[in-house]
Every structure is written in C-alpha cells, then in structure tokens.
C-alpha cells in the first residue's frame, strides 16, 4: 500500500509524442515550418496543391539540413561528451 507522499514522489513519464518532440526538436521545427510554408504557397500564392506541398517539403528538408549543419559546426569533443553523459542518465 502506498501513501500520498509516496505517490507524489513517483513521476509519470510524459506521453510518447512529447518525448519524441523533446528528443528531436530540429526535426519538428522544420516540419512545422514546412507545413506553414506549404499552406502559404497554396493559399497566398495560389499554387496547385501538389506544387505547394512540394515546395513545403523542400523548405522542410532545406531547413532541417541547415539546422543539422549548425549543430555539427558547433560540435567539439567536450560538447559531445557532455551530451552523451546527459543522454545516458
């Protein structure tokens, strides 16, 4: 039997989607901006839906690559060790 104080100490894990977003923030930022870009191309520029989706995909992919390049350019041995030590625990 557990008491209220013991139950308050137990932390519940957040939902899986929240954990995925926290683990891959650059991916979800790129996808969100790509979706907004596709919407803008379709509505404001009045492109065909297929063209708008393709341009949104291109924006998403290009932004993700730029964000990944930014992370790689700042990588050094100390930062990688700190990140891996944080990820293991």
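The values are calculated or read from the model by the stated rules, or taken from the named source; none is laboratory data. Just so you know, these numbers come straight off a predicted model, no measurement behind them. Using ideal geometry, Cβ is built from the backbone for each residue, glycine included, and neighbour counts are taken over all protein chains shown.
Tabulated values for the structure
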{"item": "Evaluation of residue 65 against (1) in contact with a helix residue (DSSP H, G or I) (Cβ under 8 Å, 6 or more places away or on another chain); (2) at pLDDT 95 or above (one fails), failing number", "result": "(1)"}
{"item": "Residue check, residue 34 at pLDDT 95 or above, within 15 Å of the chain's Cα centre (by Cα), surrounded by 10 or more Cβ atoms within 10 Å (Cβ to Cβ) and in a helix (DSSP H, G or I)", "result": "yes"}
{"item": "The listed residue being modelled with pLDDT under 90 and in a helix (DSSP H, G or I), out of 41, 86", "result": "86"}
{"item": "Answer from 47, 55 - the residue that is touching a helix residue (DSSP H, G or I) at 6+ places or on another chain (Cβ under 8 Å), surrounded by 13 or more Cβ atoms within 10 Å (Cβ to Cβ) and not in a helix (DSSP H, G or I)", "result": "47"}
